[in-house]
Each structure stands twice: as C-alpha cells, then as structure tokens.
4 protein chains.
Amino acid sequence: MRIDLNSDSGESFGNWKMGDDAKMMTIVTSANVACGFHAGDPHVMRATVTAAAANNVTVGAHPAYRDLPNFGRVFMDLPPAELTDAVIYQIGALQAMSKACGTKVSYVKPHGALYNVIVHHEAHAAAVVKAVAEVDPDLPILCLPGTVIERVTREAGLNPVAEAFADRAYTPEGTLVSRQVPGAVLHDPVIIQQRVVQMATEGTVTAVDGSTVQLNAQSICVHGDTPGAVAIAQGVREALESAGVELVSFA
Amino acid sequence: MRIDLNSDSGESFGNWKMGDDAKMMTIVTSANVACGFHAGDPHVMRATVTAAAANNVTVGAHPAYRDLPNFGRVFMDLPPAELTDAVIYQIGALQAMSKACGTKVSYVKPHGALYNVIVHHEAHAAAVVKAVAEVDPDLPILCLPGTVIERVTREAGLNPVAEAFADRAYTPEGTLVSRQVPGAVLHDPVIIQQRVVQMATEGTVTAVDGSTVQLNAQSICVHGDTPGAVAIAQGVREALESAGVELVSFA
Amino acid sequence: MRIDLNSDSGESFGNWKMGDDAKMMTIVTSANVACGFHAGDPHVMRATVTAAAANNVTVGAHPAYRDLPNFGRVFMDLPPAELTDAVIYQIGALQAMSKACGTKVSYVKPHGALYNVIVHHEAHAAAVVKAVAEVDPDLPILCLPGTVIERVTREAGLNPVAEAFADRAYTPEGTLVSRQVPGAVLHDPVIIQQRVVQMATEGTVTAVDGSTVQLNAQSICVHGDTPGAVAIAQGVREALESAGVELVSFA
Amino acid sequence: MRIDLNSDSGESFGNWKMGDDAKMMTIVTSANVACGFHAGDPHVMRATVTAAAANNVTVGAHPAYRDLPNFGRVFMDLPPAELTDAVIYQIGALQAMSKACGTKVSYVKPHGALYNVIVHHEAHAAAVVKAVAEVDPDLPILCLPGTVIERVTREAGLNPVAEAFADRAYTPEGTLVSRQVPGAVLHDPVIIQQRVVQMATEGTVTAVDGSTVQLNAQSICVHGDTPGAVAIAQGVREALESAGVELVSFA
C-alpha cells in the first residue's frame, strides 16, 4: 500500500507571503509549484523548489490562467491555442528553475479555475494536454478521475494520475460536492484522517449519501495555506503511516 | 570569412504588433526572442520561434527587467538574486516553447536597460552570468566587447560572444556613442553597409575621430522594428554576401 | 438632425502603438479612452485626453476587464463586486488625467468582452451600473439598445445612450450579426455612408433580411485602428455633413 | 498640542493579505492608501477606504512606482513625465473610490522607493509635485523635512507636511539612519513611546549622537504590517493621549 500526498506550494508573490511551504515540504511527497501566472514569482519559485529538493519532494508544475489579481480562480474564456502556449511557458519557466536548483519537473497539475474548468471543458482540457505533449509527453497530469481532462489525457497517449481530496465531500457519482453546498469542505481532523486512510487502503470514499465510491486515487491533495490546514496535513500523514501506508511520490 | 547577423524579435504583445519578424527571419541568422518580461507573450513566442525554425535561424533568449509598460528600457535597481531568478525564468519559458516548436535556445542576449547596465554594473552582470551558468553553462552570452559583462562571463568560465552594431557610431575606445549625441545612430544605408563589411572582413570599425578600432565581433546586430530598418538589414545582408562573407550563426 | 460619432481611442500601451488618434480626433465628437486595464497607460492617457481636448472632442471612460494580454477581449467570470470596483478605479484614473489636461470625463462606454457580456449578463451589467452610480450618476452609459445593460441602467435611474455601429450588419431584431457570420462586418465605404446617414436621419437601419429596424441611436461608433478604418470614418463624417446632419456630442 | 498619526494601509492584493487595516484604522488619524501600483487592487481599496471612513480616518493617496513584484521598493529610472502621469492615475483612481465610499482624498504620500528617491532626486521630486499640482494643488504632500521633495513642493506653491518616524534612528542632521546600519530601526515600545511624545510635545528628536534635532513634524508615521507593529502603534497612541497630545489629522 502506497500513496502520494500533494499540496499547492510556492503561492507567495513578492512581498506577500502565503502558506507555510517550509513545514509542508516535510509532510507531502509532491509539491504543485506556482509558476507566476496566478502566484509565485521567479524568486519565490527558487525558494520553493530548493525546499522541495532538500526534502526529496517531487516538483510538479502548477500552471494557471494569467490572472494575479484573482489568483487564477476566475474562468477566462481564452482561445485554446493561447492557453496551450501559456501552459508551455509556465512549465518551461519551472523546468529551468528546477534545473538551477538541482531537481526537475516531474508532473503537471493545473490550478484553480483551470483545474475546475477542464473537468468538463473539452477545448481547454485539450489545450492543456497539447501543452504537456509538446513540452514532455512523459509528464503525468494530475487530475480529478472520471473527468474530461482525464479522458482527453488518456486519448492523447499521455498519463493521467487520479487524485482525491482529503477534505472534500463526494457525491455518489464520485464528483466533488460544490463548495456552495454546506458540508462540502470537511474540517474535523479525525474524520479527514479516517477518510484518507480509506482512500489509500481501499481505494474508496464514502459519499454524502453513505454509499461507497471507487476512486483509485494515486495521490491525495492536502492544503497548507492556513496554520489549521498544516496541522490537518500533518495528521493525515501520521494516520497514513500508522495504517502502514507508504508515502511516496507517484512520479 | 563568416559573421552572424542578430536581431531583436518577438516584440509584439497580445493585440499590439511590433516589427516584421516574418521578413527579418529571412535576413538574420540569429533571433533574440523576447521572453515576456519586456515584450512577447507565450503566443507571440510560439509564432516567433516557429518562424525562426522554419528559416533555420538560431534562437536566443532575450531576457529583460520585468517592465512591460517601459519595454524593459528603464533601469530597475533589483537585488541581484532576484535578477538571476528572473533571467532563469525567462530562459526556461523560451526553452520549453522552443522544444514545442522543434528547436532550442542556443544563446542569451540581455535586452534594453539590462543590456546597457551590465556593460558597467558588476552585480547585475554577475547576476545574469549566474543565471546562465545555472540553466546551461554552454549557452554563450552575446554582449558588447570590452565590458564588465564580457569579463564576468569569461571569469565564470562561460562563453561571451562579441557583437557590433551596424548602425551605431563608435568612440575611439570602442564603446558606443551615446544616443544623446547627434550622429550616434547612422541612417545612410550605403555607409552602414560599408561599415558592416569592414566589421566582418577586417574586424574593425572606424570611430568618430577617424581612428580604426579593433572589434573582432562574431555577430552584428541589425534592427527590424520599422520598414526602413528592415530595408537596411536586407541591404546589410546583401553587402556581406557580395563581399564574400558567409552568414552563419555563431552558436 | 444631429448625431454623435464615437471611437475607441488611447489604445496604445508603452512602446506599442495602435490606431491614429491624432487623425481620429479630427473626425469624431466623442472619444472612448482606454483606462489602463485592456490598453492605455497613464502617459498614453495624457496624450489621448490632450488631443481630445484640443479638438473639442468629448472624453468618455472606456473601462474593461483587467487583461492586457488579451486586450480585454476575453470574458472573465469576475465576482460582480470586484467588477464594480475595477470600473470605479478606471473611471477615476481617467477623471484625474482629464482634470490635469483641462477637460473632464463625460460618459462611460464599456470595452470589448465587457461591452458584449453586459448585453445579456445581468450581474455584470448591474456591476457596471453600480460603479457609474457611485462615481457620478450623471454620467451616461453608451450601450447597445434593447439590451440588459440598457434596461439595468434605466432601472437604476441612470441615463443609457443608444449607439449604432457604422460597419456592422443587423438582424431583424436589431441586434448585431455575429462576427462569425460572413458579411457581419461591412467594408464598402459607400454602403457604410448610406447606412450611417439613414441611422442619423431616419433613426433606422436595414437588416440582413431587408426589413427596416428602428434604432434611434444617439451615437454612431466608427473605428480607427487601421488606415482603412480612418478613411471610412472620414467618409462617414463627410456623408453626414453633406446630408445636413450636425455632428455633436450627445453628452 | 496636536499631532497626526499616519500609517501605510490597503497593502493587500487579491488573495494576499498584508497588515491589519481594521485594527490600525482605530489607531491612526491618516491612512496612506495603496493605489494599485505597488499594492492594493480596486477591491482592496474599497475595503480600506470604507474602513477609514467608518473610523473618521483621513484618506491619503500612496502612489508608487509601478512594480507589484517588488512592492514599489526598487528604484525605477523613469522619464519624469511618465512618473507624473503614473501619480495622477493613482490619485484619480483613489479619488473615485473614495467618492464611492463617501469620503475623499485629502493628501498624497509617495511610497517606498519613490518616497526615498525624492528625498534627493530633483527630477522625480518635481514630477510628483507636478502631478499633485495638476490633480489638486490643495492636496498637501507628506514628506521628510529638510529634503528635496519638501523644497520643491514649497517652491511650486504647494503644501509640504513634515513627518517623523516613530521607530527610526535619526542622524544629527535630521535624516534617517540607513536601514543598513545596526540600530536604524527601534523595537523597544517604551523608547518608541518616549520619542514620539518628545516629537509631538517638543518638536524634536534625540539623534544617534545624543544631540537634539529640531523636526517640527506635523505627522508621525507608524507601521501596521506585523502584529508587533500594531501593538507598538497602539502604545504610541496611548502614550500621546496620556501626554495630553490631541490626535488629529493634519489635513
């Protein structure tokens, strides 16, 4: 039994700090590193990648729509060809910084609105896949299972990697309950730990109606943007280790 | 006898067009491609690199201070460590785009204020050299001969490549006459052609006081940002070919 | 008989030039001045407003989604409260620049994707109207007649001003034929002139099915972003004057 | 005896938070509000100005070089005419937002590198003064006494207001000790309180050599960007009130 833990990282920008990357790098096995379009600047990227390398954490590119003021959380109706190029640009910038820091980019996970949009948006999903195929078709794409992006990635001959969310409620269909719905985000550390162990050891999650849903996630996403989130992530790691699950990067 | 012709390219941004890259790619042997910090966006970068590849033009990264509103033409008193990371970021972005377009980045030429500042500014020169050393120490740095950047590049064990300017007046010391001085920029196509042939065949230029200055440039910079500039560049190419000079990339 | 001619202006940015504002200011009676979010920077804004003032052209604010790389032409799914604040910011910036140049902002016309979105998007239309109401409820909003933005403006007690497009085909319902449809944009100067005179003297336009549609536009939008466009705009002005229509700002 | 307390505010940006504006607005009498060029976005500006108005805090514009990645803390060698226009733009944006929130801009205090540069840089000082003169010559400019900006402001017929820094060491000449020098920034709340009371009641400060320097500051700058800074600012306010000093805006 083995699982990957991933977390968004490098989301500071200039003088503004976000998250506790130093601590999270001791918890996770994969770091989704912001590439400057929603967060992160070149100097922040170096600090993040350096910390990842020092902790043997796998580096992933975390490309986004170009929108610092909204942190990449707003849909932008871009022409797909421009989106492809924006993703290539971001991956490349992180590749060079990773090389400078003695490591490399090993996967891609889209960020924010882009992550959510390619769950259903064929053209933007295909644009992301095209970018990865052109930069390095061996890079896996971390995504929500059962979605358009997972299918499009597979159809292109690339490698989708399914992830689950430690602190999100699931529908019986295996999709995330909308954040607009009460209870969509879980906060009880004990319940979160139990769910994550189930995800890792049984490949399933209990949906909001009590049914058991097959996920087969290879990675579990945890958050680190608040002190509470870091503590939950630490608890998740310890619970998995206690259950005999090996924490290791999927890449 | 052989020489390289280089030109700034990819300097459009979004809806704004600048220069005639399509034409210039048929003239030059090396293209200094803007990387998004002073000009160029990912989509423009693709078009530029694609055109370069189609014409067998060597692609160089053209990093700059991060300053779109001033086109990278204003000195920014950045901490050197941040400048290093900014240059790494820009080179990497262009490397990935070049890979996507079937070519690669073969040299680095700083842009605008950064180009001029590292002629004398030790810390910023060292910051640029450190960036190149960390990304790929085999990449030559195109620079003004006899300057701080040339020395720092050499001292770091990297490869400086000397360039001359087709349309600029030179001092007896081999530096450029300031643009503030009348006559600093030459406009007569015939005179420019004669000077360029002399640069390529004799390795010298005639300074403003009539003395002959040794340059030993391996590349000559021509401009393409106006219709007149494109015509001059075309004339330069033809004059060199008529003089039996082979036009070939230094990289 | 009187009509206003308006045109987008001030759409240069830094080193990048767009349009021929100097010429267009001798043709139009109202200038929609970019405010820095899709185009225009403070220095460009000064040049534009100065030229407008020198030609007795009325200055209007031309706010947009914050997206220089896409020239404000891409829908951004912003929270409405953020859109309101973005519009206030842009109007205010232009108000101060207009004061510095001895003139003032006399109306608001949303730009690009924002213009098109508020034709049907209630929340973004209301966000724009709220911004104008908070800055200065006496400022008219220039918009497409028969749309959500026109209705929302009126319901808020503000003043919508209907505009027509000199070079666009109309449906029998009085909406613009989509640019995706062949023939959506007219190019024949003589036909454009005839249509504009009809708009100004009869308040109608001939739709693509030959029917006559009532528009009652108080302003007609002409373009100035190409040499051809400037010539067409000049022809429109002359045709209106020949028809005895007085060209005067609606504001 | 009366004095003003001012503090930088509204320095969050998008998803990134900085400072505790809500608390600081209960302490200071004047808020230097970021205008979007070094920090602050339109939505943050609304929140800041609304909080200021709710606490009867005077609103000042806090313009900066356009440089979000470096928080306006890096010198940019701009053409003065462009700097003037950038300052006008920022003041205007805040004026409109202030009007929307039922208050107004009552003074201007340059930020960061711009603040420090105009202490000695004639052209940039004059550029700032020109901007204020063109937008509203009645707006005072908050600045370090005995500097180029103070002189240029006065010579232009505008109103410079001298400020002192609660937590900075002073030279015998009345200038700030460079941050590079150990002891340049004071951290002991009791000492800071004593110095501030002396500034307000005697118009002097004790320099690093023990001499007494005349400052005659009308405003004292306190910081609010860390929890410790907020506590110090609160202590400063209480010490001034205990000493019988009335806290009131200079504007």
Qualifying positions in the range B:194-227 - exposed (fewer than 13 other Cβ atoms within 10 Å of the Cβ), farther than 24 Å from B:Pro160 by Cβ and in contact (Cβ under 8 Å) with a residue 24 or more places away in the chain = B:Asp209, B:Pro227
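Based on what the data block shows, is B:Asp4 in contact (Cβ under 8 Å) with a residue 40 or more places away in the chain, within 14 Å of chain C (Cβ to nearest Cβ) and part of a strand (DSSP E or B)?
On the way: in contact (Cβ under 8 Å) with a residue 40 or more places away in the chain: yes; within 14 Å of chain C (Cβ to nearest Cβ): no; part of a strand (DSSP E or B): yes.
When the stated conditions are applied, B:Asp4 does not pass them.
So, C:Gly36, is that one part of a loop (DSSP other than H, G, I, E, B) and either more than 10 Å from chain D (Cβ to nearest Cβ) or in contact (Cβ under 8 Å) with a residue 12 or more places away in the chain (or both) or not? Give the derivation first.
On the way: part of a loop (DSSP other than H, G, I, E, B): yes; either more than 10 Å from chain D (Cβ to nearest Cβ) or in contact (Cβ under 8 Å) with a residue 12 or more places away in the chain (or both): yes.
In short, yes.
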Of all residues in the range C:50-64, which are surrounded by 21 or more Cβ atoms within 10 Å (Cβ to Cβ), more than 11 Å from C:Ala31 (Cα to Cα) and small (Gly, Ala, Ser)?
-> C:Ala64
Among (1) assigned to a helix (DSSP H, G or I); (2) of a type in the set (A, V, I, L, M, F, W, C); (3) buried (at least 23 other Cβ atoms within 10 Å of the Cβ); (4) within 14 Å of chain A (Cβ to nearest Cβ), which single condition is B:Ala47 missing?
-> (3)
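Say whether the condition of being more than 14 Å from chain C (Cβ to nearest Cβ), under 13 Å from the mean Cα position of the chain (by Cα), buried (at least 24 other Cβ atoms within 10 Å of the Cβ) and assigned to a loop (DSSP other than H, G, I, E, B) is met by at least one residue in the range B:18-28.
Restricting attention to the range B:18-28, the residues satisfying the condition of being more than 14 Å from chain C (Cβ to nearest Cβ) are B:20-28.
Next, only the ones that are under 13 Å from the mean Cα position of the chain (by Cα) stay: B:28.
Applying the additional criterion that residues be buried (at least 24 other Cβ atoms within 10 Å of the Cβ) yields B:28.
Cutting the leftovers down to assigned to a loop (DSSP other than H, G, I, E, B) gives us B:28.
Scanning the range B:18-28, I find at least one residue that is more than 14 Å from chain C (Cβ to nearest Cβ), under 13 Å from the mean Cα position of the chain (by Cα), buried (at least 24 other Cβ atoms within 10 Å of the Cβ) and assigned to a loop (DSSP other than H, G, I, E, B), so the answer is yes.
With respect to C:Leu114, determine if the residue is surrounded by 24 or more Cβ atoms within 10 Å (Cβ to Cβ), of a type outside the set (D, E, K, R) and touching a residue at least 60 places away in the same chain (Cβ under 8 Å).
On the way: surrounded by 24 or more Cβ atoms within 10 Å (Cβ to Cβ): yes; of a type outside the set (D, E, K, R): yes; touching a residue at least 60 places away in the same chain (Cβ under 8 Å): no.
So C:Leu114 fails the test.
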How about the range C:184-193: which of its residues are buried (at least 17 other Cβ atoms within 10 Å of the Cβ) and either under 17 Å from C:Glu173 (Cα atoms) or among the hydroxyl-bearing types (Ser, Thr, Tyr) (or both)?
-> none
Do we have C:Arg151 as at pLDDT 95 or above and within 17 Å of C:Val117 (Cα to Cα) here?
-> yes
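Which members of the range C:146-162 meet the condition of being buried (at least 18 other Cβ atoms within 10 Å of the Cβ) and not acidic (Asp, Glu)?
Pass one, the range C:146-162, residues buried (at least 18 other Cβ atoms within 10 Å of the Cβ): C:147-150, C:152-153, C:158, C:160-162.
Within the range C:146-162, C:Thr147, C:Val148, C:Ile149, C:Val152, C:Thr153, C:Leu158, C:Pro160, C:Val161, C:Ala162 qualify.
What are the residues in the range A:76-130 that are assigned to a loop (DSSP other than H, G, I, E, B), more than 13 Å from chain B (Cβ to nearest Cβ) and not aliphatic (A, V, I, L, M), if any?
To start, the set of residues in the range A:76-130 that are assigned to a loop (DSSP other than H, G, I, E, B) comprises A:77-79, A:101-104, A:109-111, A:118-121.
The next check asks that each one be more than 13 Å from chain B (Cβ to nearest Cβ); those that pass are A:77, A:109-111, A:118-121.
Scanning the range A:76-130 gives A:Asp77, A:Lys109, A:Pro110, A:His111, A:His120, A:His121.
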Taking the range D:228-249 as the search range and keeping residues that are under 19 Å from D:Ala169 (Cβ atoms) and buried (at least 16 other Cβ atoms within 10 Å of the Cβ), which one is modelled with the lowest pLDDT?
-> D:Ala229
Would you be able to tell me the number of residues in the range D:165-203 that are of a type in the set (S, T, N, Q) and in contact with a Phe, Trp or Tyr (Cβ under 9 Å, 6 or more places away or on another chain)?
-> 0
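Out of the residues in the range A:50-66 that are within 14 Å of chain B (Cβ to nearest Cβ) and not in a helix (DSSP H, G or I), state the one that is farthest from A:Ala131 (Cα to Cα).
Here is the first cut: in the range A:50-66, the residues within 14 Å of chain B (Cβ to nearest Cβ) are A:50, A:53, A:59, A:61, A:63-66.
Subset that is not in a helix (DSSP H, G or I): A:59, A:61, A:63-66.
On the way: A:Val59: 18, A:Ala61: 12, A:Pro63: 11, A:Ala64: 13, A:Tyr65: 14, A:Arg66: 15 Å.
Filtering first and then ranking leaves A:Val59.
Got a sec? Which strands (runs of 3 or more DSSP E) wholly within the range B:135-239 have at least 1 residues that are of a type outside the set (S, T, N, Q) and out of contact with any helix residue (DSSP H, G or I) (no Cβ under 7 Å at 6 or more places or on another chain)? Before the answer, list the steps.
Numbers: elements: B:141-143, B:160-165, B:204-206, B:212-214, B:219-221.
Result: B:141-143, B:160-165, B:212-214, B:219-221.
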Out of the range D:172-205, which residues are at pLDDT 95 or above, β-branched (Val, Ile, Thr) and under 17 Å from D:Gly146 (Cβ atoms)?
-> D:Thr204, D:Val205
Of all residues making up the range B:131-165, the number that are more than 14 Å from every other protein chain (Cβ to nearest Cβ), of a type outside the set (Phe, Trp, Tyr) and farther than 20 Å from B:Leu78 by Cα = 21
Of the conditions (1) more than 30 Å from A:Ala113 (Cβ to Cβ); (2) touching an Asp or Glu at 6+ places or on another chain (Cβ under 6 Å), C:Ala39 fails just one. Which one is it?
-> (1)
Just to be sure, is D:Glu11 of a type in the set (Asp, Glu), assigned to a loop (DSSP other than H, G, I, E, B) and either farther than 18 Å from D:Val135 by Cα or facing another protein chain (nearest Cβ under 8 Å) (or both)?
-> yes
Filtering the range D:71-88 for residues that are touching a residue at least 40 places away in the same chain (Cβ under 8 Å) and under 20 Å from the mean Cα position of the chain (by Cα) leaves a count of 9
Can you confirm whether the range C:14-21 contains a residue that is among the polar types (S, T, N, Q), within 29 Å of B:Asp67 (Cβ to Cβ) and touching a residue at least 12 places away in the same chain (Cβ under 8 Å)?
-> no
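The values are calculated or read from the model by the stated rules, or taken from the named source; none is laboratory data. Quantities reported herein were computed from a predicted structural model and do not represent experimental measurements. Methodologically, a virtual Cβ is constructed for each residue, glycine included, from the backbone with ideal geometry; neighbour enumeration extends over all protein chains shown.
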